Every structure is written in structure tokens, then in C-alpha cells.
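In what follows, a structure is listed as C-alpha cells, so that the remarks can point back to it.
All of the numbers you see were taken from the coordinates with simple rules; none came from a lab. Just so we're clear, the structure is a prediction, and the values are computed from it rather than from any experiment. Counting neighbours? That spans all protein chains shown, and the Cβs are built from the backbone with ideal geometry, glycine included.
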């Protein structure tokens, strides 16, 4: 090889997005939360009542993680009693489309087996 030729640097995976996908798939409930939001169920108490086995503590951890990633937005209403709702952000909608593509890829992989 000629010394004047440029070497191609080692390509690294996208660190933050890979960690985000891993964290979301690692959370047992994130995908279920997305399904609930898609069905119009956006209040934490309602989410817990609609999913067997989901506790308030675990749901709050899941929602907090999704808010920190910017996937979901927490909307707090200044009412008594307090009311909180969650909704997808624009980034969250883009992220959901990536998750849908991963599911399609998994279905193709499963069909090859």
C-alpha cells in the first residue's frame, strides 16, 4: 500500500442511540407503554389499571427513563387533584418508527428459521 493512500478509520457504532435502544428494549414495560399511548391511554393510573402485573413504581421508572431520553413528554395540569399525562414527542414518533422497523426485521429473521 502506498503511504499517500488514506487509511479508513475504524467505524464505531452510534453510542447514545445504541444505549437508548438497548435501555428501551431492556425495560420490560416500555413497549407496552407505547401501545397504551397509541390506544389513547396516557395517564399513569389508567395505565396500571389496564396492564396486569404493572406496578406504579415500575411504571414511574419506565416513564421517567422515556422522558429523560426525550421519547415522551410529561404534561402536568395545574388542577386539584393533580393530573399528569404523557405523550410522544416528535423525536419519540421518529424513535417509534425505528422500533417498528426493528420488529419488521425480526419477523424476517424469524421467517428464515
In segment 78-94, which residues are surrounded by 10 or more Cβ atoms within 10 Å (Cβ to Cβ) and either in contact with a helix residue (DSSP H, G or I) (Cβ under 8 Å, 6 or more places away or on another chain) or free of Cβ contacts under 8 Å to residues at least 12 places away in the same chain (or both)?
84, 86, 87, 88, 92, 93, 94
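Considering every residue within segment 55-62, establish whether at least one is part of a loop (DSSP other than H, G, I, E, B) and either touching a residue at least 24 places away in the same chain (Cβ under 8 Å) or out of contact with any strand residue (DSSP E or B) (no Cβ under 7 Å at 6 or more places or on another chain) (or both).
Of all residues in segment 55-62, those part of a loop (DSSP other than H, G, I, E, B) come to 55.
Then drop every residue that is not either touching a residue at least 24 places away in the same chain (Cβ under 8 Å) or out of contact with any strand residue (DSSP E or B) (no Cβ under 7 Å at 6 or more places or on another chain) (or both), which leaves 55.
Yes, there is a match, as at least one residue in segment 55-62 is part of a loop (DSSP other than H, G, I, E, B) and either touching a residue at least 24 places away in the same chain (Cβ under 8 Å) or out of contact with any strand residue (DSSP E or B) (no Cβ under 7 Å at 6 or more places or on another chain) (or both).
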In segment 13-54, anything in a helix (DSSP H, G or I), touching a residue at least 12 places away in the same chain (Cβ under 8 Å) and within 20 Å of residue 91 (Cα to Cα) is listed as 20, 21, 23, 24, 30, 31, 32, 33, 34, 36, 37
